[in-house]
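The values are calculated or read from the model by the stated rules, or taken from the named source; none is laboratory data. From a predicted model like this one, the values you see are computed outputs, not experimental measurements. Neighbour counts are summed over all protein chains in view; Cβ atoms, including those assigned to glycine, are modelled from backbone coordinates with ideal geometry.
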2 protein chains.
Amino acid sequence: MLVAEVETPALLIDADALEANIATMATALPGPRLRPHVKAHKCTELARRQAAAGHRNFTCATIRECEGMAAAGLGEDLLLANEVLDARRIGNLVAAGARVTVAVDSPQTIEAAAGGGVREVLIDVNVGLPRCGCAPQDAGRLADRARSRGLQVRGVMGYEGHVVGLPDAAERAEKCRAAMELLVAAHADVGGDLVSGGGTGTYELNTWANEIQAGSYALMDTAYGKLGLPYRQAAFVLATVVSRSDGWAVGNAGLKALAMDHGNPDVADGTVMFCSDEHVTFRPPRPVGEQAWLAPAHIDPTMSCHERAYVFSGEKVVDVWPVDLRGW
Amino acid sequence: MLVAEVETPALLIDADALEANIATMATALPGPRLRPHVKAHKCTELARRQAAAGHRNFTCATIRECEGMAAAGLGEDLLLANEVLDARRIGNLVAAGARVTVAVDSPQTIEAAAGGGVREVLIDVNVGLPRCGCAPQDAGRLADRARSRGLQVRGVMGYEGHVVGLPDAAERAEKCRAAMELLVAAHADVGGDLVSGGGTGTYELNTWANEIQAGSYALMDTAYGKLGLPYRQAAFVLATVVSRSDGWAVGNAGLKALAMDHGNPDVADGTVMFCSDEHVTFRPPRPVGEQAWLAPAHIDPTMSCHERAYVFSGEKVVDVWPVDLRGW
């Protein structure tokens, strides 16, 4: 099939850009130095390419991501970098032979892990992002509690999500250091082998974590595209111009094909005016029937809008990958 | 199952609110005066309730919505209120016995309809929203062209999408009038029985269209909730507090469960600080394990994040409906 024949709207992946992005990262952070985050693509076929590049350990954000990765034979060492209060589905995976480590940050999440059949945990430490993670000074106490419940504590994780998108590289480096010093101090209280953190925006700056949870580097988006990183846009939403006027054109991809939390997508050779449920209005006008290539502002929730991704090289579609880790 | 037992994140529908919303609308716009827009819920089970209230004609935004409605036995009179350049799947539905009318606004979309086996069209007229629709003065000429290609022209449609959300009711009424006068003038040039337009924000103001395409009224969202309409919030995203600190709580529903184009959701008894892929951070803090009810800012793209909806009455889940019209 040719790209020109793909029924739109559709999610397209540039095979060459993806391969280059994966290779660049595998050189910078070889093997277990990277624990790719599958939430950024939700696609086991893409994860297979990351595994082939040497990364056998993966990060997940949902139980279903863990289940799908294990079912795809990629369950050698999965980290559920998220808190859960019902860990029984994870326990089932562990019983079936997958290795799944779960983040905990409270007595309740420790109880859920122990009660659900989880064997290994990481202590999730808040390093400045107002989200999950215990206070750094509580990490050691939680680790003791987890051990007392029979759980093996593999170390700590802390995600500097308030830092990864900062446009100024020097500020990003400084705030990454401050965040990771908190994590390193917590690690001293906790013990274990793993110090897990980082993202695409800090993958080279974060020299404190011994594994980096980057995910967006593989497909990229326009937000990370502004940081000057050596990764290029590999995912696009393809639309067809279905209507035009003197002032604008309308493509058939909108809010159900593109996440808007980071703003409008970019359109090649034009400016997006706004998106609605099934449409993107942009200028200048372009003939009805032409394709319009949209670069998403935020890749993770855009991927989860799509059932499949068309992988292309040049003008040809070379593969179709199910986006098979969606849902919960 | 009890609501307290639902695995989160989950989309919940308040059966009593839904029933009241459907009844209120069926009284205001009985039978064919309303052509409910299924893009707002993407759920054939919900459409069945609208049909049971007397509305047998439906509006769709995608080909898959048409296919799913026809497969569910709700294909008596479907309007695809959107332009398509490959109408063959619609032609297949028509050949199989569904009635599907397709919007056209250009020579190309007329050719696609005729070539794809479509028999009936509406002329889509731009009434002020910078999106699809021909210029009003071109409508008659396009209708002639469609007829010359063997298509039956059932009338006109024009969506005043730039008007439906205006907070001031008087301004909404005045701009609705201006938009619909354009549509009525185009209708005089086009002929046919249908003058189709309107939405939840103008369903009572728009007395020019003889059928109203409202959809959001059934489930509502916080954007429409600000307009003082007699419909109440019936759809919620249910989250569980998985982490808390001194300053905030974190629920396990985020950008993959909630569309952000209209802004953050509302959280009961609190204020949302921000959403990330799988989390909502809000204040004040609340105990780990508690449920948090989120009211989406925009219902349509929120529904398309979910595979199913849990219908509840009081504390009990009374039904589970597949959100079966997702994708394209």
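List of remarks:
- Matching entry among A:Ala10, A:Ala4, A:Ala61 (being within 15 Å of the chain's Cα centre (by Cα), within 14 Å of chain B (Cβ to nearest Cβ) and either surrounded by fewer than 22 Cβ atoms within 10 Å (Cβ to Cβ) or among the hydrophobic types (A, V, I, L, M, F, W, C) (or both)): A:Ala61
- When residues of the range B:297-322 are limited to those that are of a type outside the set (A, V, I, L, M, F, W, C) and in a strand (DSSP E or B), the one nearest to the other protein chains (Cβ to nearest Cβ): B:Arg308
- Residue match in the range A:198-210 (condition: more than 14 Å from chain B (Cβ to nearest Cβ), modelled with pLDDT of 95 or more, more than 25 Å from A:Met303 (Cβ to Cβ) and in contact with a strand residue (DSSP E or B) (Cβ under 6 Å, 6 or more places away or on another chain)): yes
- When the residues of the range B:84-110 are filtered to those that are more than 10 Å from chain A (Cβ to nearest Cβ) and of a type in the set (D, E, K, R), the one that is nearest to B:Gly155 (Cα to Cα) is B:Arg99.
- Close pairs from the range A:148-174: first touching a residue at least 12 places away in the same chain (Cβ under 8 Å) and farther than 20 Å from A:Leu79 by Cβ, partner among the charged types (D, E, K, R) and loosely packed, with under 14 Cβ neighbours inside 10 Å, Cβ under 7 Å, at least 6 apart: A:Pro167/A:Lys226
- When the residues of the range B:111-133 are filtered to those that are assigned to a strand (DSSP E or B) and surrounded by 24 or more Cβ atoms within 10 Å (Cβ to Cβ), the one that is nearest to the other protein chains (Cβ to nearest Cβ) is B:Asp124.
- Inside the range B:64-83, residues that are within 12 Å of chain A (Cβ to nearest Cβ) and either assigned to a loop (DSSP other than H, G, I, E, B) or of a type in the set (A, V, I, L, M) (or both) make up a count of 4.
- Residues (within 14 Å of chain B (Cβ to nearest Cβ) and either of a type outside the set (A, V, I, L, M) or more than 18 Å from B:Lys256 (Cβ to Cβ) (or both)) located in the range A:225-242: A:Leu238, A:Ala239, A:Thr240, A:Val241, A:Val242
- Screening B:Gly327, B:Gly263, B:Gly314, B:Gly254 for residues that are among the small types (Gly, Ala, Ser), under 23 Å from A:Asn126 (Cβ atoms) and modelled with pLDDT of 95 or more leaves exactly one candidate, B:Gly254.
- Among (1) part of a loop (DSSP other than H, G, I, E, B); (2) closer than 21 Å to A:Pro130 by Cα, the one test that A:Thr207 misses: (2)
- Single unsatisfied condition, A:Ser245 versus (1) more than 10 Å from every other protein chain (Cβ to nearest Cβ); (2) more than 27 Å from the chain's Cα centre (by Cα); (3) polar (S, T, N, Q): (1)
- Failed item in (1) surrounded by fewer than 22 Cβ atoms within 10 Å (Cβ to Cβ); (2) assigned to a loop (DSSP other than H, G, I, E, B), with A:Val163 passing the rest: (1)
- Which numbered condition B:Val102 fails, given (1) crowded, with 24+ Cβ neighbours inside 10 Å; (2) of a type in the set (Val, Ile, Thr); (3) assigned to a helix (DSSP H, G or I): (3)
- For the range B:265-275, the criterion of a residue being within 13 Å of another protein chain (Cβ to nearest Cβ) and within 27 Å of B:Thr44 (Cα to Cα) is satisfied by at least one position.
- Test: residue in the range B:16-23 that is buried (at least 18 other Cβ atoms within 10 Å of the Cβ), at pLDDT 95 or above and in contact with a strand residue (DSSP E or B) (Cβ under 7 Å, 6 or more places away or on another chain): no
- Candidates A:Leu258, A:Leu229, filtered to the one that is assigned to a loop (DSSP other than H, G, I, E, B), without any contact (Cβ under 8 Å) to a residue 40 or more places away in the chain and either closer than 16 Å to B:Thr109 by Cβ or within 28 Å of the chain's Cα centre (by Cα) (or both): A:Leu229
- First in the range A:62-81 and at positive phi, second anywhere and surrounded by fewer than 23 Cβ atoms within 10 Å (Cβ to Cβ) and assigned to a helix (DSSP H, G or I), Cβ under 6 Å, 6 or more apart: none
- Within the range B:293-310, the set of residues being crowded, with 21+ Cβ neighbours inside 10 Å and either of a type in the set (A, V, I, L, M, F, W, C) or free of Cβ contacts under 8 Å to residues at least 24 places away in the same chain (or both) comprises B:Leu294, B:Ala297, B:Ile299, B:Met303, B:Cys305, B:Ala309.
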